[in-house]
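Notes to accompany the following structure.
The values are calculated or read from the model by the stated rules, or taken from the named source; none is laboratory data. Since the structure is predicted, the reported quantities are computational estimates derived from the model, not experimental observations. These accessible areas exclude ligands, DNA and RNA; they are computed on the full protein's heavy atoms, side chains included. Shrake-Rupley method; radii C 1.70, N 1.55, O 1.52, S 1.80 Å.
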Amino acid sequence: MNKVLLTGRLTRDPELRYTSNSKAVCNFTIATNRPVVRDGEKTADFINCIVWGKTAENLSKYQSKGSLVGIDGRLESRSYHEKDGSKR
């Protein structure tokens, strides 16, 4: 089972675009605070997210930088190879 629940604030305005077959896709990043304080300062994780379809259009239309959002989804990691052959 691959399920994740996140709550955080948008670090920038969502970026809406459309695929070649007119499907909406929206990229955004959220900052989630960690409960642990390190050296007297709070820390955060920055998580890149992607949503599709009507959800992408609504997110782009109604949310902006600083908005608090809740996410229910799955984790997926991707990698690619650079021109020099290194894997990222």
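Given Cα pairs under 8 Å that are at least 6 residues apart, what percent is the relative contact order of the chain?
36 percent
Determine the per residue accessible area of the chain with all protein chains present and a 1.4 angstrom probe, expressed in square angstrom.
Spelled out: the 1.4 Å probe surface of the chain, per residue, equals 81 Å².
Counting only helical runs of four or more DSSP H residues, what would the 222 nm mean residue ellipticity of the chain come to if each run contributes -39,500 (n - 2.57) and the total is spread over all its residues?
Here the helix-only value at 222 nm equals -3500 deg cm²/dmol.
Just tell me which aspartates and glutamates come within less than 20 Å, Cα to Cα, of LYS87; anything on the same chain fewer than 8 places away is out.
Once the sequence-local aspartates and glutamates are set aside, what remains near LYS87 is GLU76.
Take the chain, connect every pair of alpha-carbon atoms lying under 10 Å apart with a spring to form a Gaussian network, then pick out the residue of ARG38, ARG12, ARG78 with the largest mean-square fluctuation.
Per the Cα network of the chain with a 10 Å cutoff, ARG78 tops the list.
How much of the accessible area of the chain, in percent, comes from carbon and sulfur atoms when a 1.4 Å probe is used?
That fraction is 47 percent.
Can you list the lysines whose alpha carbon sits under 28 Å from that of LYS23, skipping same-chain ones fewer than 8 residues off?
The reachable lysines, counting only those whose Cα sits under 28 Å from LYS23, are LYS3, LYS54, LYS61, LYS65.
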